[in-house]
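Take a look at the structure below.
The values are calculated or read from the model by the stated rules, or taken from the named source; none is laboratory data. Owing to the predicted nature of the structure, the values given are computational and were not obtained by experimental measurement. All Cβ positions, even for glycine, are placed from backbone atoms using ideal geometry, and neighbour counts span all protein chains on display. Protein only, heavy atoms only, side chains kept; ligands, DNA and RNA dropped before computing areas. Shrake-Rupley method; radii C 1.70, N 1.55, O 1.52, S 1.80 Å.
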Amino acid sequence: MENGGSRQATMAELQEVQITEEKPLLPGQTPEAAKTHSVETPYGSVTFTVYGTPKPKRPAILTYHDVGLNYKSCFQPLFQFGDMQEIIQNFVRVHVDAPGMEEGAAVFPLGYQYPSLDQLADMIPCILQYLNFSTIIGVGVGAGAYILSRYALNHPDTVEGLVLINIDPNAKGWMDWAAHKLTGLTSSISEMILGHLFSQEELSGNSELIQKYRNIITHAPNLDNIELYWNSYNNRRDLNFERGGDITLKCPVMLVVGDQAPHEDAVVECNSKLDPTQTSFLKMADSGGQPQLTQPGKLTEAFKYFLQGMGYMASSCMTRLSRSRTASLTSAASIDGNRSRSRTLSQSSESGTLSSGPPGHTMEVSC
C-alpha cells in the first residue's frame, strides 16, 4: 500500500488531469477527471485508467474488456450513455486494459509468453494496492468476465458484485478444439475474433457497427498482441462452478447475454451453476453479441437495479423500464436493498407481461 502522502499526491493528479469526451457532454455535465497508470506485476506491466475520485464507503467499479477490444472500444458507448451519468457520479471507476491492448501499445517480441487468464486475474490485486482501493464491483465482457470471476473466486472479500456479460466459464472441450483448429485453417485471426464478439446474423448484416469493429480489429497495429490474448482465452481453465458446492461466486452477480448471441448457451449453463439467491440473469432482446454496445440504455437500467439491490443508489431515478413498469418492476428488482434477494430477468421485445416468481424463475420484461 502507498503511504498517505503518496495517496494524496496520486488523487491530486487525478483531479488535475482532464480528458476530452468523444461525445458531446449533456447539459450541466463537466469532463471527468481521468488518469492513466501502469504498474508492474509478477506477470508484467498492466495499464489502467481511473475516472473520478473515490467515494466514501463505496466500492470502485472496475471493468475488464473482451478479446479484440480495449477499454474504450468495449465500454465507452455504455459509460458515455446519458442515463449512466447518474451511476458514474456515485462511483469511481477503473478501466483495465489487458497487457498489450492499451492504445499505442508496443508489439510484444517474438516468443513473448503472454499471461494466462488466471495470471491476468492475479494482476488485479496490484492495481487495487496501487490505488489503495479495498473493494470493487466488477463489470466484464467475455474474456474479461472470466478474469473477474477468477479474481472473485481468489479474493471474495474484495468483490461486492459482478456484472458478467457473455461469460463462458468452461474450458474448451475436444470438440471445441477441433472446430477451432478447422476454423483457423480457413479464417484469419481477425475474423475468428469477430465471430467470438458478434453473432453470425450481425456479421452477415454488415451493419455500420460491424464495419466499424471489423476495421478496428483487422487494422489494429497490435494485432499480434491481440492474438496472444485470444490464445490465452482459448486455453482457459474450467472455473468449476457448482451450485451448492465450495467453488462459487459469493457476491451478487448479474449475468447478461444477448438473445441469439454466440455465448448464449454458455451463459445459460453458468446461470444454472450459480447460487440462485445471489444471481440475476438478463437475456436481452435485439442486442446481438455485445449488449453494452447495442443496448446501452437497457443495460444501464438493469445495472441501476442491480446496484439498488446491493443497497446502493436507493433514491436513484429510474428511466426507460420504470416508465412502463414502475410499480411491479420496482418490487421485483429488490430496491429495498436486500443483498441476498434472487433477481432473474429476461427481456423479450414480444412479451407484454411482467411476472415475478421464486428464485431461479424468469421474469419476462417488455422493453
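All but one of (1) closer than 25 Å to Met254 by Cβ; (2) modelled with pLDDT under 95; (3) in a helix (DSSP H, G or I) hold for His180; which doesn't?
(1)
Go through the stretch 115-138 and report how many residues are of a type in the set (Gly, Ala, Ser) and surrounded by fewer than 21 Cβ atoms within 10 Å (Cβ to Cβ). Don't jump to the end; show me each part of the working.
Going residue by residue through the stretch 115-138, those that are of a type in the set (Gly, Ala, Ser) are 116, 121, 134, 138.
Next cut, surrounded by fewer than 21 Cβ atoms within 10 Å (Cβ to Cβ) only: 116, 134.
Looking only at that region, the number is 2.
Assuming Leu69 fulfils every condition listed in (1) surrounded by 24 or more Cβ atoms within 10 Å (Cβ to Cβ); (2) of a type outside the set (Val, Ile, Thr); (3) in contact with a Leu (Cβ under 6 Å, 6 or more places away or on another chain) apart from one, which condition is it?
Exception for Leu69: condition (3).
Quick test of your reading of the structure: Ser190 fulfils all but one of (1) open to solvent by 50 Å² or more (accessible area, probe 1.4 Å); (2) assigned to a helix (DSSP H, G or I); (3) polar (S, T, N, Q). Name the failing condition by number.
Among (1) open to solvent by 50 Å² or more (accessible area, probe 1.4 Å); (2) assigned to a helix (DSSP H, G or I); (3) polar (S, T, N, Q), the lone unmet condition for Ser190 is (1).
What residue, among those in the stretch 144-160 that are without any contact (Cβ under 8 Å) to a residue 60 or more places away in the chain and of a type in the set (Ser, Thr, Tyr), is surrounded by the most Cβ atoms within 10 Å (Cβ to Cβ)? Break it down stepwise before answering.
As a first pass, look at the stretch 144-160 and keep what is without any contact (Cβ under 8 Å) to a residue 60 or more places away in the chain: 151, 154-155, 157-158.
Filter again for of a type in the set (Ser, Thr, Tyr), leaving 151, 158.
On the way: Tyr151: 26, Thr158: 18.
The qualifying residue surrounded by the most Cβ atoms within 10 Å (Cβ to Cβ) is Tyr151.
Among (1) part of a strand (DSSP E or B); (2) open to solvent by less than 20 Å² (accessible area, probe 1.4 Å); (3) at pLDDT below 95, where does Lys35 come up short?
All conditions pass for Lys35, except number (2).
Does at least one position in the stretch 254-276 carry a residue that is farther than 20 Å from Gly289 by Cβ, in contact with a Pro (Cβ under 7 Å, 6 or more places away or on another chain) and in contact (Cβ under 8 Å) with a residue 60 or more places away in the chain? Reasoning before the result, please.
Our first condition is that a residue be farther than 20 Å from Gly289 by Cβ; within the stretch 254-276, this holds for 272-276.
If we keep only those that are in contact with a Pro (Cβ under 7 Å, 6 or more places away or on another chain) too, we end up with 276.
Cutting the leftovers down to in contact (Cβ under 8 Å) with a residue 60 or more places away in the chain gives us 276.
Yes: the stretch 254-276 contains one or more residues that are farther than 20 Å from Gly289 by Cβ, in contact with a Pro (Cβ under 7 Å, 6 or more places away or on another chain) and in contact (Cβ under 8 Å) with a residue 60 or more places away in the chain.
Could you tell me which of the residues Pro276, Pro262 is more than 15 Å from Val67 (Cβ to Cβ), in a loop (DSSP other than H, G, I, E, B) and not acidic (Asp, Glu)? Steps first, please.
Values: Pro262 fails: more than 15 Å from Val67 (Cβ to Cβ).
Among Pro276, Pro262, only Pro276 is more than 15 Å from Val67 (Cβ to Cβ), in a loop (DSSP other than H, G, I, E, B) and not acidic (Asp, Glu).
Which of the following residues is open to solvent by less than 10 Å² (accessible area, probe 1.4 Å), closer than 26 Å to Leu282 by Cβ, touching a His at 6+ places or on another chain (Cβ under 7 Å) and modelled with pLDDT of 95 or more: Val94, Val163, Val141? Write out each step before concluding.
On the way: Val94 fails: touching a His at 6+ places or on another chain (Cβ under 7 Å); Val163 fails: touching a His at 6+ places or on another chain (Cβ under 7 Å).
Every option except Val141 fails the conditions.
Kindly provide the set of residues from the stretch 211-241 that are aromatic (Phe, Trp, Tyr) and over 16 Å from Val107 (Cβ atoms), ordered by number. Lay out the reasoning, then the answer.
First, pick out the residues of the stretch 211-241 that are aromatic (Phe, Trp, Tyr): 213, 229-230, 233, 241.
Hits for the stretch 211-241 are Tyr213, Tyr233, Phe241.
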